Amino acid sequence: MNPGGPGNHDDRVPPGGTAWKKAAAVAVPALAAVAVMAVAMSEGVLASSFAVSGTAFQVSSGRLTSQGLASYVQVDRSADGTGHPAALLGIGDATLTDLCQSSRVDTPLGQVVFKLTAGGEAGEVTASDLVIDGEDLVGDARFGDVQIGRDASTLDQVPGVRGEAGAFGLQASEVTVSGVRSHAWSATGGNFRLKGLSLKVSLDGPACF
């Protein structure tokens, strides 16, 4: 019998080696999902309302500037119906530097870090009609013409970003945030241009922060 024939593949990993077949089983679906999302975002067809994964992810940027900001509180839901309170941040025309997004995912191989970076020496990242559902946002901020406590149903700085009548809202004509760090449930955008895009999936690799 031929030991290298069909039905006799040896999947054992040599010392110091990597189980490439198993790693591919994790990485390929993740890469395909990102590709589909990137195409949908570029065509402006990705809906801002969908079931979130139930795992918050990290977002960081050296600097974020935007013409227009609108925000109010809403509840995101996982596919099982679990609710996650989030501050919806609607950003009009945004420019970001040194963008990083990462999430930790448990797999049969161990914890995998899914990490996407863009910008840096390649140039700034631009986005329009960007909507982020976040748990928190940390950084040094400057707001222009800010309105805090405005009825969420009357927000008008970012087209389409309005909450329910009577809900607390805030908005500003412009915003600049340096040293951005955030944990978010979702992010969608009408148009996203990622210069110097790099996507990595690694076992227990470094996250954004």
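Tell me, what HN-Hα J-couplings in whole Hz come from the Karplus equation 6.51 cos²θ - 1.76 cosθ + 1.60 at θ = phi - 60° for each residue of the stretch 83-98, using x for Gly and Pro?
x, 9, x, 9, 8, 6, 10, x, 10, x, 9, 10, 10, 10, 10, 6
Which residues' amide hydrogens lie under 5 Å from the amide hydrogen of residue 76, considering only partners 5 or more residues apart or on another chain, with H built in the peptide plane?
Placed amide hydrogens put 84, 86 under 5 Å from residue 76.
Would you pull out the residues with amide H under 5 Å of residue 196's amide H, same chain only if 5 or more places away, H placed 1.01 Å from N?
Counting only residues 5 or more places away or on other chains, the set is 119.
Can you give the relative contact order of the stretch 93-209 as a percent, counting alpha carbon pairs under 8 Å and 6+ residues apart?
38
Using θ = phi - 60° and the Karplus relation 6.51 cos²θ - 1.76 cosθ + 1.60, list the HN-Hα couplings for the stretch 59-72 in order, rounded to whole Hz, with x at every Gly or Pro.
In residue order, the calculated couplings are 9, 9, 7, x, 7, 10, 10, 8, 8, x, 8, 9, 8, 7 Hz.
Values quoted throughout were computed directly from the atomic coordinates according to the rules given, and no laboratory measurement underlies them. Since this is a predicted model, take the numbers as computed values, not measurements.
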